[in-house]
Structures are given as C-alpha cells and as structure tokens.
Amino acid sequence: MSSPSLLSGPADATETAGRARELPDHVRNLYAYTASSLLGNLIGSTVVVMLHVGFAPPLMLTLWAAGFALVWAYRAWIAYRFAKVQLDPATDFAAWQRRWNAGILASGAMWGTAALLFYSRGEAIQQIGLIITIFSYCVASVPVLAEHRKLFLTFLGLCFVPTIASIAAERTLYSYELAGVLMLTMAMTALLGRNYRQAMERVIELKVRTEQLAEQLRVEKEVAEAARRDAEVANRAKTQFFAAASHDLRQPLHAVGLFAEALRSKSRDEEVIQLVNSINSSVDALEGLFSELLDITKIDTGAVECRPEHFSLRDIFARQRLHYEPIAFEKGLELKFRGGHHHAYADPVLVDRILRNLISNAIRYTEDGGVLVSCRARGDRLLLQVWDSGVGIREQELGRIFEEFYQVKVDQPLPPHQRKGLGLGLAIVRRLADLMQAELTVRSVPGRGTVFSLWVPKGRPPRIEEATAPRSAPLGLTLDRRHIVVVEDEPAVREGLEVLLKSWGATVYAFDTVEPCRQWAAQASQQGLRPDLVLVDYRLDASSNGIDALKMLRGFFDASLPAIMVTGSTTATLEAEAQKHDFHLLFKPVVPNKLRAMIAFKLNVRSR
C-alpha cells in the first residue's frame, strides 16, 4: 500500500480528512480495552508478588509493587478522565492517544523490570509463573496493539528483552536454550501482529470503499444496484477475514492450554495447580470470546443449517440448568425452569444456542431476584421465554440490542467476575432465530427486568430419545498401551499435544505433514502396529490437509480408525466433511477437559 506521503491531490486530502474523522472513534476503542486490561494486570501483578514472597528481598518486591501500582493508577485515572471528556467536541483526541500509549509502554516496562529483578531469585515454579504471565500479556496485546507497529514492537521489546536477558544471564546450556526459545517466541508474536495488522488494514480499506460507494448512492441514483453488490462483497470479505484470522490467533492460545495441563500432571505442588487452574480459566474465557466470533462467522458463511426435528424441551432445560445453576447460585439468584414437558418441532441445536445466550445475558445483568425460563402452549405454537429481574433496557436501546458489538449501557459497572463480552450474544440470537424463521421479541422495563420471547412450532414426542453428546471423561483418564498419531504443522501445538498425551499414558507418533506420516505408516503396517486414534489439524501444508492425512492412514490400517480433527479453521464445509469421513470436530482453543472427554468417547476408555 502506498505511503500517504506519496499521494497527492484530492485523494490525499480525502484520506487525511477520513483519518481525522476516524480518530475519535479509534481513541474511544483504545480506551474501551482499559477496564479489562487493568483487571488482567492487577491479577498478573498479584500472582507475581505472591509467587516471589519469601524469595525476593521484601524491599525490592515492595518497590516494584509500588511502581506497578503507580502505573496502574495512572492508566485508571486517564481512563476515568477520558470518559468525562470524550463527548466534548473540543477534546484533543491525539493527546489522549499519546497518554494511552504512555500507559501501555509503562506497563510493558514494569513487566520487563519484573523479569530483571525476580527471575534469578526464584525456583522453578516462580520462573515458570513469571514467564507464562509475561507471555500471556504479550499474546493478549496482539488485537489491541497490532495496528500500531512501532508501539507494538516497543511493547514486545520492553517485555521480552529483559526476560531473555535475565534467563541468559544464568549462563547454563538450559538457560541459553530457553532464551533462544523465547527469542523465537518473540519473533513469532511479532509476525502474528504483522499478519493481524495487514488483515485489519484490508478490512479498513474495504470499509472505506463501502463508505465511498454509499456516498455515491446518495449522489448518483442510477448506480445504486452496483454499489449494493460491492457493499455485500465487502461484508463477505470481512467475514472471510475473521474466519482466516481466528485460525492464527487460536494457535498460541491452544498451545498455552496444552502446556499448562501437562504442567499440572507433572507436579503435585498446590501453587503449581493453582497457577494452572488460573491459566485454564483464562483460556476458557478467551475460548468463549472466540466462540462468539466463530458463531457469527459460521452463520454468515452459511455453515449453519436449520434441521428441524421433534424434541423434548426437558432435555434442553436439563442441560441449561446443569450449566447455569452454579453461576446463578454464586450471584445469589434463583434460576427456575417451567414447561419442560412440552415438545417442539425445530432445530434443537439452534434452540439450545439461543436459550444459552439469553440465559447468560439474563444472569449477567441481574444482581437481585432471579431468572425464569418458561415454555407455554399457544395454539399450534410454543412460546419460549426468558424472564429476568435485572437492570432492564431503555426504550431507545431496544432497537439496537441485536446489532453486532452493541452493548447495553448500564448505570453501574458490572462486578469484576462478570465478563461483559463482545456484544455478539444477541446478534447471534437474532441470526439463529431468522435462520429458523422463528419470531423473536423483547419487552423491558428499566429497573424491573426484561423478557425475551421466541415462538416455535409445536412438536410431538420422538419415538426414540437419544443422547447426542458424549459424556465427560473422568479425571483419571488413562491411555496406557494406546497408540495415537498426531499430525499438526504448528510446532508449539504439536509439542503440547505430545507432552499432554504422554502424560496420560499414551504412546505418541507426531508428524508435521502427510509425507513423513505416510513413511511411518508404511513401516508400522508391515510390523503389525496399528494406531488406536488419530488427531489431525485441518490446515497442514500447501498440498494437503488433515482429511488427506486421515484417508492415507485409514488406507494403511483400517477404514474405521477413530479420528478427531482439532482445528482453528472455520471452513463452512468442515461439518459436512466430518459426517462424510466419520470424524469428530473440536475447534481451537480446546480446553484439555474437552479434549480428554472426546478421546474417552472415541476410545471408550475408563478411569483408573
């Protein structure tokens, strides 16, 4: 893309004016991340302090904590001040962006300082905890900072360079190897940021093009139809970008979860277990955000089809109760279900997803009272409703709550443990309801509560009640004397899978592409060795994918060889391919519990 300094004439003026118009929204988006960033930094700094109590000198630990607190307070203060002035037309948004940049760089410097001060003063658990904490914040910074190349690279340098220097300063073979791995990790993170930035630039270009077309629509009525088609192409391109980018963003997150679970299996130390639980909770929360983006992408790319059937509401209510009752109990809310004896004729998977989003929202925005999920017969239809006694929705916002990324404004901030999300839950609900051609309405009274209503056709009791999901595997899953083949091109993910599966007792054969796997399969089949399970990624090299690997292995061994595809790809045809070739799909990042449950289901293994 040409540099702005090389452009001239009206195009230059138009681009400059466009950037000036976008600056306020751009700065507001930056400050929107401040609350979650401050919460994450507070948790991370607390973990670092707790890990190093008794190892680092008290004065050193106190001074670092005080410095971190000052940076944290500065960022909180500028976020508070910006919230007060952001709607003022006279606001200097460029100055507020510089203040935000200074806060981010100061945070990066504090993490780098922590590595310099504490790495050499702790034992293995302190060193592992410090490295994982710093790495996690660098990966989490990609979506926020990647658009600002210099700022992003400076932040990575402030975090990684002191960490690498501290490790290498021990001057052992292990320390040099670990420092080299971290240097490679820093380079990969920088490359990931570049790819993300380039993709976002493409989206921005498409957005600008769409705006230009919209302007032409108002001026030249005769080109309206052509402009509408181009806008649709731009929207599809945006969806395809999310589908492609999510694959790359999920890889390091998936690897972190695998390594954390492997660390748990190798240690009985309570501090290690607590740290791993915190890491898995963070991975699980990020998985929820990725899942929302993935749902939107799958719906927009046509990967979701409506398959109506007769089913009982009791089964869906039972699953929702099992999942959300502990969450409601923790907030002191009462969660009730009524009318589970009814039967509906619709797609049970889509109805389940709609209710899941509505119940989650109801619990999130309710602090007192409870949530009621009900089903009542109305003629030849059923009325499914989710009632809450929460904050309610203002009348002027009711028309916008189903828009993407729109979040209802509440008078009081949510508690820290209640993640606000991306504003995609109700957008997913609307899309799924439209896909089923089901009427969806909402009524609300601010301060008293909200009710969402979904109308679906009545059904009849199905002849056979079948369980559609595998039961969770026990925590004591053992894979002793089981042979598992892994085909995964991402080194960190492949190594994480190998370490985790071996910790469960399996014998693992790991390959990065189809060809070395083919050579091994030819020798193994001659020696009478047969694998019990295949774990494959979808995207491998340019000439083959996971389905090719699976076909090849089944050709050598057995057409019924069990297989699981663990992928970050959102290709619309994958679910159809899974049915055609008889394998199960898991989308990255996969929490180890889900992977363990799927392996237990495929192999029918028992606990120790």
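The values are calculated or read from the model by the stated rules, or taken from the named source; none is laboratory data. Since the model is a prediction, treat every value here as computed from it, not as a measurement. Note that each Cβ is placed from the backbone with ideal geometry, even for glycine, and that neighbours are counted across all protein chains shown.
Mind listing whichever residues of segment 365-388 are assigned to a strand (DSSP E or B) and either among the small types (Gly, Ala, Ser) or over 16 Å from Val351 (Cα atoms) (or both)? Listed by number, the residues that qualify are Gly370, Val371, Leu372, Ser374, Ala377, Arg378, Trp387, Asp388.
For Val85, indicate whether it is at pLDDT below 90, touching a Leu at 6+ places or on another chain (Cβ under 9 Å) and farther than 18 Å from Val144 by Cα. Reasoning before the result, please.
Values: at pLDDT below 90: yes; touching a Leu at 6+ places or on another chain (Cβ under 9 Å): no; farther than 18 Å from Val144 by Cα: yes.
In short, no.
How many residues does segment 574-598 hold that are modelled with pLDDT under 80, within 13 Å of Val536 (Cβ to Cβ) and part of a helix (DSSP H, G or I)? Total satisfying the criteria: 1. Tallying residues that are charged (D, E, K, R) and either modelled with pLDDT of 75 or more or assigned by TED's automatic domain parsing to the domain that holds Ile132 (or both) within segment 182-201 yields 1. Tell me whether segment 403-420 contains one or more residues that are modelled with pLDDT of 85 or more and over 23 Å from Phe329 (Cβ atoms). Scanning segment 403-420, I find no residue that is modelled with pLDDT of 85 or more and over 23 Å from Phe329 (Cβ atoms), so the answer is no.
Considering the conditions (1) free of Cβ contacts under 8 Å to residues at least 40 places away in the same chain; (2) surrounded by fewer than 14 Cβ atoms within 10 Å (Cβ to Cβ); (3) closer than 23 Å to Leu130 by Cα, Met60 is excluded by exactly one of them, (1).
When each of Glu495, Glu490, Glu466 is tested for being acidic (Asp, Glu), under 30 Å from Ser312 (Cβ atoms) and modelled with pLDDT under 90, the lone residue that passes is Glu466. Among the residues of segment 158-206, just one is among the hydrophobic types (A, V, I, L, M, F, W, C) and touching a Cys at 6+ places or on another chain (Cβ under 6 Å), namely Cys159.
Restricting attention to segment 11-57, the residues that are under 25 Å from Phe135 (Cα atoms) and either of a type outside the set (Phe, Trp, Tyr) or at pLDDT below 85 (or both) add up to 28. Being in contact with a Gly (Cβ under 9 Å, 6 or more places away or on another chain), of a type in the set (A, V, I, L, M, F, W, C) and farther than 22 Å from Ala600 by Cα holds for only one residue in Ala492, Ala521, and it is Ala521. Can you name the residue in segment 500-531 that is in contact (Cβ under 8 Å) with a residue 60 or more places away in the chain and part of a helix (DSSP H, G or I) and is also surrounded by the fewest Cβ atoms within 10 Å (Cβ to Cβ) among such residues? Here the answer is Ser503. Taken over segment 321-351, the criterion of being crowded, with 19+ Cβ neighbours inside 10 Å, under 23 Å from the mean Cα position of the chain (by Cα) and within 19 Å of Leu454 (Cα to Cα) is satisfied by Leu350, Val351.
Within segment 542-564, if we keep just the residues that are part of a helix (DSSP H, G or I) and closer than 17 Å to Leu586 by Cβ, the residue that is modelled with the lowest pLDDT turns out to be Gly546. In the set (1) modelled with pLDDT of 85 or more; (2) touching a Ser or Thr at 6+ places or on another chain (Cβ under 7 Å); (3) under 28 Å from Arg307 (Cβ atoms), the condition left unmet by Arg460 is number (2).
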